[in-house]
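Structure record follows, encoded as structure tokens.
The values are calculated or read from the model by the stated rules, or taken from the named source; none is laboratory data. All figures in this text were calculated on a predicted structure; none of them were measured in a lab. Cβ atoms come from the backbone with ideal geometry, glycine included; neighbour counts cover every protein chain shown.
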Amino acid sequence: MTVIKETNYSLLEKQLASLIEDESNLIAILSNTSALLNDTLDQVNWVGFYLIENNELILGPFQGHPACVHIAIGKGVCGTAVSEDKTQLVADVHAFPGHIACDANSNSEIVVPIHKNGEIIGVLDIDAPIKNRFTKEDQQGLEAIVSILENQLSK
Ligand code: SME
């Protein structure tokens, strides 16, 4: 069994807050956030963002292999996170109806919706090469990370 190194989310929150404070450019903020998460999280193979444009999700800044550019709202894990406006914690992507396989290495996934001034604007998507990678603690930690982003983007 793979041992997953636990993430120190309170430290990660502080690092992210200082990395993006005083910044207002969306692409710069999301690019550095994906790099920080990719550097910090153990056992992940894709970390990035999809942003809503013309009523669909479009690929945003990310770290990992090239990925699908367009995802319909309501489709796959990312599209479901948007249509339900709710974090999707998927222990086994192969068991998720309609999962979109962008990276064949992905086995589990977490997707957290992002809001700006209360309106959903996109998602944070993280894929892992092993099943059951993400726990409820990861969900709480990543939702806290997204809150920091939301506060900065809503300024
Ligand atoms: N698996 C995702 C698609 C995006 S990739 O994982 C980068 C989904 O089903 O929404």
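Quick one: would you say residue 109 is under 23 Å from residue 53 (Cβ atoms) and either within 16 Å of the ligand (Cβ to nearest atom) or of a type in the set (D, E, K, R) (or both)?
So residue 109 fits the description; yes.
Considering only residues that are away from the ligand (no atom under 13 Å from the Cβ) and either at pLDDT below 95 or touching an Asp or Glu at 6+ places or on another chain (Cβ under 7 Å) (or both), look in the stretch 120-140 and name the one that is farthest from residue 100 (Cα to Cα).
The selected residue is 120.
Of the residues in the stretch 66-102, how many are charged (D, E, K, R), at negative phi and exposed (fewer than 15 other Cβ atoms within 10 Å of the Cβ)?
3
Kindly provide the set of residues from the stretch 103-113 that are surrounded by 12 or more Cβ atoms within 10 Å (Cβ to Cβ) and over 24 Å from residue 147 (Cβ atoms), ordered by number. Show your work before the answer.
First pass over the stretch 103-113, keeping only residues surrounded by 12 or more Cβ atoms within 10 Å (Cβ to Cβ): 103, 105-113.
Answer for the stretch 103-113, where residues must be surrounded by 12 or more Cβ atoms within 10 Å (Cβ to Cβ) and over 24 Å from residue 147 (Cβ atoms): 103, 105, 106, 107.
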